[in-house]
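Step one of this worksheet: look at the structure below.
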Amino acid sequence: MENIDDMTPQKARASAWFRDLRNQICSAFETLEDAQDKGPHAALPAGRFEVKPTKRDNGDGADAGGGEMSVMRQGRVFEKVGVNISTVYGTLGEAAQRSMTARKGMSKIAENPQFWAAGISLVAHMRSPKTPAVHMNTRMFWTPFGWWFGGGADLNPMVEVAEDTAFFHARLQEACDAHNPEYYARYKAWADEYFMIKHWNEPRGVGGIFYDDHNTGNWDTDFAFTQDVGRAFLKAFKPLTEKHMFEPWTEADREIQLIKRGRYAEFNLVYDRGTQFGLQTGHNPEAVLMSLPPECKWP
């Protein structure tokens, strides 16, 4: 990129893509809700997304951007799913500056703490304990000192099914291999490390891929990779939901699900980078905490 300060077209393309991906996913999820008209939860109304605008408060009264929350609650298939998009900008506060200085090229961020960020963030908590929960996000971040992409997806079943794990990972590997045969192994290992609940010494789920600070020097190439990661999500997740959403389940299965959700909540509140960044930079807390499950337990 010849001029880091002149990236308006790239920012617009990235922001528009995240919105388009949101629309694709919400449409697919509502189709799943309609497909359960003869399933175990057919008596419930089919879930639909409610869209709500969000705003970021930079603390100085200036326009700081925002986004949209798309949340479905108490559906036939999804007990709670949120698909948020945002485009935010302004000045990084001191806490965000401190966390930013560890990134490549960001040692001087305090000299000009301006930033711009756009992305999509999805978390789905399923009604049936037989259908795995899932997380996906992709994003672009810009500062006067550099830009990068980040994102990934990970699967969180209540009880692992090896065949499902292999299927989910294969779709993500296909997206990675189309760009660089080294990406999948590298970003799978990063996900395995990142999604570890350290205080329990146990993984949050069965992993996936996770990447951050992704900048090869070619914006178009890196954007294309991030788009393919986003496209791979529905290919990886939707067939698993269709496979399991009609299966019967017991109260014992539900108990396992609620305890697993408690672990999920712990990770997101203690370790998740996106949660920390959103709260540090004044984004709408309802949107930031969308990832928390509707109901959970601790043993």
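Return the total of residues in the stretch 27-50 being closer than 28 Å to Q280 by Cβ and part of a loop (DSSP other than H, G, I, E, B). Matching residues across the stretch 27-50 total 1. The condition of being over 25 Å from F267 (Cβ atoms) and not small (G, A, S) holds for only one of H135, H179, that being H179.
Being touching a strand residue (DSSP E or B) at 6+ places or on another chain (Cβ under 9 Å), surrounded by 14 or more Cβ atoms within 10 Å (Cβ to Cβ) and on the phi > 0 side of the Ramachandran plot is a property that does not hold for G82. Of all residue pairs spaced 6 or more apart or on separate chains, those with beta-carbon atoms under 8 Å, a first member in the stretch 172-195 that is modelled with pLDDT of 95 or more and a second member that is of a type in the set (S, T, Y) and part of a helix (DSSP H, G or I) are L172/Y184; Q173/Y184; C176/Y183; C176/Y184; C176/Y187; D177/Y183; D177/Y184; H179/T221. Residue pairs whose Cβ atoms lie under 6 Å apart, separated by 6 or more positions or on different chains, with the first residue in the stretch 58-77 and in contact (Cβ under 8 Å) with a residue 60 or more places away in the chain and the second surrounded by fewer than 22 Cβ atoms within 10 Å (Cβ to Cβ) and in a strand (DSSP E or B), are N58/G90; A64/G90; G66/T54; G66/K55; G67/T54; M69/K52; M69/T54; V71/E50.
Of the residues making up the stretch 133-149, those that are more than 16 Å from S15 (Cβ to Cβ) and part of a strand (DSSP E or B) number 6. Any residue at all in the stretch 33-56 that is touching a residue at least 60 places away in the same chain (Cβ under 8 Å), among the aliphatic types (A, V, I, L, M) and touching a strand residue (DSSP E or B) at 6+ places or on another chain (Cβ under 9 Å)? No, there is no match, as no residue in the stretch 33-56 is touching a residue at least 60 places away in the same chain (Cβ under 8 Å), among the aliphatic types (A, V, I, L, M) and touching a strand residue (DSSP E or B) at 6+ places or on another chain (Cβ under 9 Å).
Considering the conditions (1) surrounded by fewer than 21 Cβ atoms within 10 Å (Cβ to Cβ); (2) modelled with pLDDT under 95; (3) more than 16 Å from the chain's Cα centre (by Cα), T281 is excluded by exactly one of them, (1).
Scanning the stretch 51-85 for residues that are at pLDDT 95 or above, assigned to a strand (DSSP E or B) and either touching a helix residue (DSSP H, G or I) at 6+ places or on another chain (Cβ under 6 Å) or closer than 12 Å to G282 by Cβ (or both) returns M69, S70, G82, V83, N84, I85.
The values are calculated or read from the model by the stated rules, or taken from the named source; none is laboratory data. Everything quoted here is computed from the prediction, not taken from an experiment. Here Cβ is always computed from backbone atoms with ideal geometry, including for glycine, and neighbour counts include all displayed protein chains.
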